[in-house]
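Participant: Here it is, the structure, as structure tokens.
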Amino acid sequence: MKEKKNDILAGIVIIILAAVYYVCSFQIQETTSDILGSRFFPQLAAVLLVVLAVIQIIQAVRTKSAGPAKEKDISTGNQKLNLPLILTTVLLFAYYFLVLQIGFTITSIIYLLFASWILMPEDDRKERKILLMVICVSIIFPIFLNFIFYQIFSIQLPVGALFQ
Amino acid sequence: MQLLGGFATIFNVQTLLLMVVGTFGGLVVGALPGLSAFTALAIMLPFTFGMDSVNGLCFLVAVYVGGCSGGLISAVLLGIPGTPASIATCFDGYPMAQQGKSKTALSAAIISSFVGGIFGAIILSFLGPYIAKVALKLSSYDYFGIILFALTTVSSLAGDNMVKGLIACLLGICLSCVGTDGLSSVYRYTFGITKLANGFSLVPVLIGLFAVSQIMANARDKATTKALDFSNTNQNEGEKFTFRDYFKRIRMIIPVSLLGLVIGILPGLGGNISNLMAYSYAKKTSSHPETFGTGNVDGVIASETANNATVGGAMIILLTLGIPGDNATSIILAGFQMNDIAPGPLLFKTQATLVYAILAAFVLANIMFFLMEYFGLSIFIKMLSIPSMLLLPIVIVCCFVGSYCSNNNTLDILIMVIFGLVGYILKKHKYPLAPMVVGFILSPLLELYLRRSLMKTDGHWFPIFSSPVAAICIFATIFTIAYTVYGMIKKKRVEEAKV
């Protein structure tokens, strides 16, 4: 049942996105170099998206009226609040913004330490040996990566606004 | 003869060493559940930025071959497929290990992977140049038809629901429109951001959609972050399976190899499907189908032969037509693009040295992974005990480097993270990601060939059908859609009848 609701909701979101995409296509400068022009393809994609989203909604509604859901929603991750997932996502964005400020190496060390801690099973957090391994790898790996890229490939990884 | 030239190109210490590292890395990453050949390629991609085109692409091919072959270890010993391409290997491999025949199952799986891979490589080497020759004679009408067919096939076959597949494909098409229009040079959907003038780069989009979203899913299912426990397994139980034992089953091997190859050629399917289809074929044609699932070595052979033959099929369509069949070949395509090389029929003419070096690398990578797995299995088992809680963040760091290095642009890192989130949401709502990526890659070409075709015909659509190849492809597209819709209706009726 939840999956059907999700499908209807997803269909509506896609229709809205496609409508915005279609409207924005009028900002594209019209060209006459060929018959279709530069607006045709994006507009066609938006129209087809709306058509398919409507079909998806109809499919979902029909399945809903055909009877109750036969089995439990088997898709994983339906918990209300999944802390490791939320923290991983927040960390990813934080990683990006920190890379701009303090550069790749320091940010990567911080990221590896935090991300490993989040993903670590509860029992492992009490094991000194595992913690020591995590700390060592978190420090050594970014330094090693930076060294390889700078010294061998001559590619400068982001140094950050603070150190520029 | 030209293939021998390819071997001559790659037979130098640097390339061989890179290939050994690539195959080994691919095997280790591919063997870890939750990480696939694609993840292995995403991790290794940044390291190719400093290499020349031959070394970089041979390295990626080695990673790809290793990544596709690594999944069998945990599939046999633990019943957990390292990659989705090894799911069917578990069905009989794991029961065999439990019955004390782990050595037989592992050696059968390794030999099967090797023969399947070599079969794919040989077909690719001989068929590739001929397909490329034919492809060179195709017109813009034909290319339009072929790409349209490829997009529809991916969308129809990649998931359970064709509508969702098509929606994902169209989302990819919409995203590909961002940037400068190839024909008229006007900006589309850049909203004044000059860094978007060239559109979204393929590398951050690919890494975000497939690797980052996968890591988010792994973080959600935190249980998978525990290290694999091989302490209760013994890989030395039972008799060793030999090549002679393998070739005794030639009547089953030939059809499953061909099945794997054809599935690889069809965009959107890949090893994830071929191993299951080959297993089901072997079971149906066996004189003892009831033994399948209880430890019949034929099940392991069928699955592993087919999934490695699929790699050759996927490479055929990538090298000759420039169409990526699955997510892993998409990242190899990105590897080509990074070297300013466009895969396609012209490649065999303009970059023959590179093409034959890649073909030779493909053959050699199969030999390398065979030797590594056959003789160094215990080393891999030790490597697989690395806990994922440490490995997943390392993958993310590599993804950040890969995205940044593709253009030396920090905006690409943000694009990767955003696409990771988008990929996770789409996957959670059961939208397949492969059609989105293939739509993103192929739609600029689809638009280009359509507009060029209509320029030729003064805006008339009918002459496009006058080309036999285009007409066949367009009718095949219509047939694919009709057949999938029919299958969906039939499935729904059966389900309703059950209720």
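The values are calculated or read from the model by the stated rules, or taken from the named source; none is laboratory data. Because the structure is a prediction, the values reported are computed rather than measured. As a convention, Cβ positions derive from the backbone with ideal geometry for all residues, glycine included, and neighbour counts pool all protein chains shown.
Participant: How about the range A:47-64: which of its residues are among the small types (Gly, Ala, Ser) and at the interface with chain B (Cβ under 7 Å from one of its Cβ atoms)? Let's see the steps before the verdict.
Facilitator: Let us first name the residues in the range A:47-64 that are among the small types (Gly, Ala, Ser), namely A:53, A:60.
If the condition is that a residue be among the small types (Gly, Ala, Ser) and at the interface with chain B (Cβ under 7 Å from one of its Cβ atoms), then A:Ala53 is the only one that fits.
Participant: Then there's this: Kindly provide the set of residues from the range B:434-469 that are of a type outside the set (S, T, N, Q) and touching a Phe, Trp or Tyr at 6+ places or on another chain (Cβ under 6 Å), ordered by number. It would help to see each step written out before you state the result.
Facilitator: Of the residues in the range B:434-469, the ones of a type outside the set (S, T, N, Q) are B:434-442, B:444-452, B:454-456, B:458-465, B:468-469.
Scanning the range B:434-469 gives B:Glu447, B:Tyr449, B:Leu450, B:Ile464.
Participant: Tell me which residues, restricted to the range B:128-155, are among the hydroxyl-bearing types (Ser, Thr, Tyr), under 12 Å from B:Met436 (Cα atoms) and modelled with pLDDT under 85.
Facilitator: Hit for the range B:128-155 is B:Ser155, nothing else.
Participant: Exactly one condition in (1) at pLDDT below 85; (2) surrounded by fewer than 24 Cβ atoms within 10 Å (Cβ to Cβ); (3) more than 19 Å from B:Gly116 (Cβ to Cβ) is not met by B:Met389; state its number.
Facilitator: All conditions are met except number (2).
Participant: Here is a list: B:Pro435, B:Pro444, B:Pro463, B:Pro468. Which entry is more than 30 Å from A:Leu9 (Cβ to Cβ) and touching a helix residue (DSSP H, G or I) at 6+ places or on another chain (Cβ under 7 Å)? Steps first, please.
Facilitator: Values: B:Pro435 fails: more than 30 Å from A:Leu9 (Cβ to Cβ); B:Pro463 fails: touching a helix residue (DSSP H, G or I) at 6+ places or on another chain (Cβ under 7 Å); B:Pro468 fails: touching a helix residue (DSSP H, G or I) at 6+ places or on another chain (Cβ under 7 Å).
It is B:Pro444.
Participant: Okay, next question. Within the range B:79-103, how many residues turn out to be of a type in the set (Val, Ile, Thr) and at positive phi? Before you say what the answer is, go through the steps one by one.
Facilitator: Going through the range B:79-103, the residues of a type in the set (Val, Ile, Thr) turn out to be B:80, B:83, B:87, B:89.
Filter again for at positive phi, leaving none.
Counting residues in the range B:79-103 that are of a type in the set (Val, Ile, Thr) and at positive phi gives 0.
Participant: Considering only the range B:1-99, give the helices (runs of 4 or more DSSP H) lying wholly within it that have at least 3 residues that are over 30 Å from B:Ile413 (Cα atoms). Show your work before the answer.
Facilitator: On the way: elements: B:2-10, B:13-31, B:37-44, B:53-69, B:72-77, B:87-98.
Here the list reads B:2-10, B:13-31, B:72-77, B:87-98.
Participant: Next question, about the same structure. Looking at B:Leu414, B:Leu445, which is the one that is within 11 Å of another protein chain (Cβ to nearest Cβ) and either assigned to a helix (DSSP H, G or I) or without any contact (Cβ under 8 Å) to a residue 60 or more places away in the chain (or both)?
Facilitator: Working: B:Leu445 fails: within 11 Å of another protein chain (Cβ to nearest Cβ).
Residue meeting the stated conditions: B:Leu414.
Participant: Read through the list (1) surrounded by 13 or more Cβ atoms within 10 Å (Cβ to Cβ); (2) more than 7 Å from chain B (Cβ to nearest Cβ), then give the number of the only condition that A:Thr31 fails.
Facilitator: (2)
Participant: Are any of the residues in the range A:129-142 in contact with a Pro (Cβ under 6 Å, 6 or more places away or on another chain) and surrounded by 21 or more Cβ atoms within 10 Å (Cβ to Cβ)? Outline the logic, then answer.
Facilitator: Filtering the range A:129-142 for residues in contact with a Pro (Cβ under 6 Å, 6 or more places away or on another chain) gives none.
No, the range A:129-142 has no match at all.
Participant: Report whether or not B:Val54 is within 23 Å of the chain's Cα centre (by Cα), buried (at least 24 other Cβ atoms within 10 Å of the Cβ) and under 30 Å from A:Ile152 (Cβ atoms).
Facilitator: Working: within 23 Å of the chain's Cα centre (by Cα): yes; buried (at least 24 other Cβ atoms within 10 Å of the Cβ): no; under 30 Å from A:Ile152 (Cβ atoms): yes.
For B:Val54, the condition - within 23 Å of the chain's Cα centre (by Cα), buried (at least 24 other Cβ atoms within 10 Å of the Cβ) and under 30 Å from A:Ile152 (Cβ atoms) - is not met.
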